Amino acid sequence: MRADKETVVRQAFYLGAALAAMLIPAAAQNKAMTKQAERGKELFLKSPKGTACGTCHTMAGAGTEVGPDLRTLASVVPPRGLVAAIQMTMTERVQEVKTATETFAGLQKSKQGDDVEIWDLSQTPPVLRKLAAKNVVSMNRTEKWKHPPASTEYTSQELADLIGFLKWAAIGQTKEVKVADVE
């Protein structure tokens, strides 16, 4: 019963976040990019410490649209919550995909008729694969695949810059995210 409650609470949170993101005026997204947001965008696209966020996510028209849309999350979650999301090791949507010949970490994009499209996360950058649904033996939540930023040791300033970019891209925030806001 507890797992069901947690699922309902999580779904309610995401629904609320999505609704909040839709209410943000488009004008807020037309603000000039701050220096902090510029530094954060650079980290988002080209992290010198590992796999960049933009390898799987897109923000402000930059990056690759594989993982979840971060705009909704960044529009309602405070900086420390975003740090927790960046540093989490597992994600809800990544599945261990098994076929008769292989097993790989994947993120389902779509299922249409007899075909399923799955982002193969075992490759960098992820590759979109189209498989016959009948060839997929199973898809289950995986504990083996780890969210790449979880092992990246960003400094507090780098996290503040990254979150500054996410907040700017999501809601047009120009207020600097301080180091104290992410610690």
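The values are calculated or read from the model by the stated rules, or taken from the named source; none is laboratory data. Every value quoted in this text rests on a predicted model; they were computed, and no experiment measured them. Cβ placement follows ideal geometry from the backbone for every residue including glycine, while neighbour counts extend to all protein chains displayed.
Matching residues to (1) touching a Leu at 6+ places or on another chain (Cβ under 6 Å); (2) under 30 Å from E183 (Cβ atoms); (3) surrounded by 13 or more Cβ atoms within 10 Å (Cβ to Cβ); (4) among the aromatic types (F, W, Y):
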residue	(1), (2), (3), (4)
T91	no, yes, yes, no
T103	no, no, yes, no
G113	no, no, no, no
T152	no, yes, yes, no
Apart from one, (1) out of contact with any Phe, Trp or Tyr (no Cβ under 8 Å at 6 or more places or on another chain); (2) assigned by TED's automatic domain parsing to the domain that holds F44; (3) crowded, with 18+ Cβ neighbours inside 10 Å; (4) closer than 17 Å to G54 by Cβ all hold for P79; the odd one out is (4)
Among residues of the range 63-90 being outside any helix (DSSP H, G or I) and among the aliphatic types (A, V, I, L, M), the residue farthest from L159 (Cα to Cα) is V66
* On the given criteria, is T174 in the same structural domain as R71 (by TED's automatic domain parsing) and in contact (Cβ under 8 Å) with a residue 12 or more places away in the chain? -> yes
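Can you tell me which residue is modelled with the highest pLDDT among those in the range 144-159 that are part of a loop (DSSP other than H, G, I, E, B) and under 17 Å from the mean Cα position of the chain (by Cα)?
Y154
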key: Some residue of the range 127-148 being under 23 Å from A85 (Cβ atoms), surrounded by 12 or more Cβ atoms within 10 Å (Cβ to Cβ), in contact with a Gly (Cβ under 7 Å, 6 or more places away or on another chain) and touching a residue at least 12 places away in the same chain (Cβ under 8 Å)   = yes
Looking across the range 30-70 at residues that are of a type in the set (K, R) and over 23 Å from S151 (Cα atoms), the single one that is modelled with the highest pLDDT is K35
